[in-house]
Amino acid sequence: MSKRIVIMGECMVELFQLVENVYHQAFAGDVFNTAVYLKRCAEQPIEVQFFTAVGTDLISDKLVRAVEREKIDTQLILRSKTARPGLYMINTDAFGERSFVYWRDTSAAKQVLQLASGQQRLAELTGAEMFFFSGITLAILNDSDREALFALVAELKASGSRIIFDPNYRSALWPTAEAAKAAFLRAYALADVALPGLDDHKVLFAATCTEQVVAQLSALGVEEIVVKNGKDGISGRYQGQDFSALAYPVKKVVDTTAAGDSFNGGYLAARLGGIAPAQAVKFAARLAGFVVEHTGAIVGKEHFNGFWAKNRPSQFR
C-alpha cells in the first residue's frame, strides 16, 4: 500500500520571460512546487494529494489538468464559484535572483477551508502519513480560517499524521511581522518536521546563524529540523543528533525560484523512502542546485528526466 501525503496551499498562474517582453505561462506556488518535486523524486509508490481551491473557469480547468499531469491526486481540489486562481510574474536579475509581482487578492485558494465540509473533509484527510503546509498557506487565510487550519492540523497530528511546516515568510502577505511571528510559533508547536530558511528567522526572530534556529525549534519540541541557508549549506537536528551538509555547487544560477520548494520536495521524497535526514539533505541540495540552473519554478520534464537518470535519493544512503 502506498504512503500518502497531503499538501495544502495555493497554486497560481505563473508568468516568466523566455526572451524580453515574451512571457511563458505555467502554474506554480510554493507548496505545489514541493508536491511536484516530491512526486517526481519518489522511488516507491507515494500518493501525493493537493488540498486547495480553484475556480470554475477555463484557467482553473487548465490548472487542474496540470496537476493531474504530474500524477498528483486532485480529489482535494475544491471549486469556488466566486473566485479564480491568483497570478504572479517573475522578474530575475543578472545573478538569477528573482522578484515577484502578484495578483492574488481574490485567489480561490483563500476559500479552501470555507469550501471544505467539516467532518467529511477531515475524514478524507485522516490517515495521511504526512500533512505539509507553509507560512504562505497561513498568510492567505483570514483570521477565522487560520484558526480553523490550526484546529485541523492539531486533529491530524492527534490522529497520527506527521506535520511538516516551512515558514516561507512573505512580508507583503502579513499585516505585521508580529502577526507572522505569532502564527509561525503556533505552527512550529504542532510540527514534527520543520524546514525553515535562515533568512526568515533573521527577519522574524533575529537569528544570526542556522545553529540558533535549530536550538530555537528544538526548544519548541520539533523533532526533525532542517535549516536552509542557500549557498552556505544546511544545518539540522533529528532525535537530538546534529548534522550538516554543503550546498551543491552550481555552475550558473539562472533563476532561484523554487530553490527551497524543490529542496523540500526532494528531502521529503528521500525521507519517505527511508533515507536518514543527514543523507536526505544531500539529495535535496543536489536537486535544488539543479532547479536553480533553469528558468521558472517547475523544470520541464525533458530536462528533469536527464537529472533523474543520474540522481536518485537511494544513492545518498
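Beta bridges per DSSP, both residues in the chain: antiparallel share near 45 percent. Take the alpha-carbon centre of the range 5-46, take the same for the range 47-62, and report the distance between them in whole Å. One Cα centre to the other: 13 Å. What's the carbon and sulfur percent of the range 1-51's accessible surface, probe 1.4 angstrom, rounded to a whole number? Carbon and sulfur atoms account for 54 percent of the accessible area of the range 1-51.
Among Met130, Met89, Met12, the largest mean-square fluctuation in a Gaussian network model of the chain, built with springs joining Cα atoms closer than 10 Å, belongs to Met89. Express the Stokes-Einstein translational diffusion coefficient of the chain in µm² s⁻¹, to the nearest whole number, given a Kirkwood radius over alpha-carbon pairs, 20 °C and a viscosity of 1.002 mPa s. Rounded, D is 110 µm²/s. Looking at the range 202-317, the pairs of alpha carbons with a distance over 19 Å make up 47% of the total. A protection proxy built from the mean count of other Cβ atoms within 10 Å ranks the segments 2-11, 259-268, 298-307, most packed first, as 259-268, 2-11, 298-307. Each Cα pair under 8 Å and six or more residues apart adds its sequence gap; the mean of these over the residue count of the chain is a relative contact order of 17 percent. Amide H to amide H distances under 5 Å link His294 with Val254, Asp255, where only residues 5 or more positions off or on other chains count and H is placed in the peptide plane. The lysines whose alpha-carbon is closer than 17 Å to the alpha-carbon of Lys157, local same-chain residues fewer than 8 away aside, are Lys3. The shape of the range 1-99 comes out oblate: with a ≥ b ≥ c from the C-alpha gyration tensor, a/c is at least 1.5 while a/b does not beat b/c.
Remark: accessible surface ordering of Val253, Val214 (largest first) is Val253, Val214, probe radius 1.4 Å. Over the residues of the chain, the helix contribution to mean residue ellipticity at 222 nm works out to -12000 deg cm²/dmol, using -39500 (n - 2.57) for each DSSP H run of at least 4.
With a Förster radius of 41 Å applied to the C-beta separation of Ala215 and Glu302, the computed FRET efficiency comes to 0.40.
Normalised by the number of residues in the range 62-176, the average gap of Cα pairs under 8 Å and 6 or more apart makes the relative contact order 22 percent.
Within the range 76-208, the ratio Rg/Rh, alpha carbon atoms throughout and Rh by Kirkwood, equals 0.98. Applying a threshold of 21 Å to the alpha-carbon distances of Lys71/Lys282; Lys39/Lys231; Lys282/Lys310; Lys202/Lys228; Lys71/Lys301 flags Lys71/Lys282; Lys39/Lys231 as lying beyond it. If you take the square roots of the eigenvalues of the alpha-carbon gyration tensor of the range 261-317 and sort them as a ≥ b ≥ c, do you get rounded (a/c under 1.5), prolate (a/b over b/c) or oblate? It is prolate, given that a/c is not under 1.5 and a/b is the larger ratio.
Summed over the residues of the chain and divided among them, the accessible surface reaches 43 Å² per residue at a probe radius of 1.4 Å.
Structural size metrics of the range 43-114, computed from C-alpha coordinates, are Rg and Dmax of 14.7, 42 Å.
The values are calculated or read from the model by the stated rules, or taken from the named source; none is laboratory data. Because the structure is predicted, anything quoted here is derived from the model rather than measured. Heads up, the Cβs are rebuilt from the backbone with ideal geometry, glycines too, and the neighbour counts pull from every protein chain shown. Calculation scope for accessible area: heavy atoms of the full protein, side chains included, ligands and nucleic acids excluded. Shrake-Rupley method; radii C 1.70, N 1.55, O 1.52, S 1.80 Å.
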